[in-house]
Amino acid sequence: MNMFEKGLDMSQKNLIDEEFRRNLFEGMQLMSKRISATNDDYFDMLKEAGFDFSEERIIEDYSHIKDLRALDDTYYEQYGKTLDRETKNKVLNSDVFLTLLTRIIPAHFDFSETGDPYFIQSEIDRICNNDLRKADQKEIEKILRAFVVFSKTRNHHTIEDSLELFDINGLLKEMIRVCHNRDASFRNLMKEMYECYKDLDPKIFPSVYKEVKKSQK
């Protein structure tokens, strides 16, 4: 390669590097705009794109399904595909529905009462990403109650395929290990868990498991 070819090759590399930096900067600016946009900002943008959304509508829709992922999928099929294909507003895309749902739903619904798997998994992730030994037992109990509601409202009775997590039994075993208040209320909660999930590990709470098995004979 002669000096001219080397210079040309270097120029092309600089152009590629410059384009990469420019795209990265624009991407970061776009992400910043999306994060800083308020719910009302998004509702206004959706209205400009031809979709009439409001917090009240999202609350109403969720109250019927109580499943964030399912509602997000519904919104995507009904509106998101068109939005991604036709909108000229770079800040706005089909991700807006997930953003609004994750902002609005927790302020109006308790996941321990809805049994929404999205929020069960989010709460497990949050607790496990911190020091599990310092977890509040009440927070763990809310997760267990949510699992019970999930099972009863969806007629689902296997714990390992209830969430997109590996070894849920193992996670629950570690979480329940830090629950030192094993009073009657907690034992009843674990009893419901064993009654709801046929594959819940007997070693998590052996004495309660034996009680449940004895009562089922």
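The values are calculated or read from the model by the stated rules, or taken from the named source; none is laboratory data. Model, not experiment: these values are computed from the prediction. All Cβ positions, even for glycine, are placed from backbone atoms using ideal geometry, and neighbour counts span all protein chains on display. With ligands, DNA and RNA removed, areas are computed over all heavy atoms of the protein, side chains included. Shrake-Rupley method; radii C 1.70, N 1.55, O 1.52, S 1.80 Å.
In the range 122-217, the inverse of the mean reciprocal separation of distinct Cα atoms equals 13.6 Å; this is its Kirkwood hydrodynamic radius. The alpha-carbon positions of the range 59-211 define a convex hull whose volume is 128 Å³ per residue. Length gained on full extension, Arg182 to Glu48, computed as 0.36 nm times the residue gap minus the Cα-Cα distance: 42.8 nm.
If R0 equals 45 Å, the separation of the Cβ atoms of Lys210 and Arg69 corresponds to a calculated FRET efficiency of about 0.80. Between Thr38 and Asp61, the FRET efficiency from the beta-carbon distance, with R0 = 30 Å, is close to 0.90. Heavy-atom surface analysis with a 1.4 Å probe gives the range 128-217 a carbon and sulfur content of 49 percent of its accessible area. Among the trypsin sites (Lys or Arg not before Pro) in the range 85-128, those located in a DSSP loop and surrounded by at most 15 other Cβ atoms within 10 Å of their own Cβ are Lys88, Lys90.
Could you list the chymotrypsin sites (Phe, Trp or Tyr not before Pro) in the range 158-217 that lie in coil according to DSSP, counting only those with at most 15 other Cβ atoms within 10 Å of their Cβ? Answer in residue order: Phe166.
In this structure, the amide hydrogen of Leu165, modeled 1.01 Å from its nitrogen in the peptide plane, lies closer than 5 angstrom to no residue at least 5 positions away or on a different chain. Among the chymotrypsin sites (Phe, Trp or Tyr not before Pro) within the range 29-92, not one is in coil by DSSP while having at most 11 neighbouring Cβ atoms inside 10 Å. Annotation: lysines with alpha-carbon distance below 17 angstrom to Lys198 (same-chain offsets under eight excluded): Lys152, Lys173, Lys210, Lys213, Lys214, Lys217. Between Glu77 and Lys217, the distance separating the two model label sites (each 7 Å from Cα on the Cα→Cβ line) works out to 4.8 nm.
Computed from the Cβ-Cβ distance with R0 of 30 Å, the FRET efficiency linking Asp95 to Arg133 stands at 0.25.
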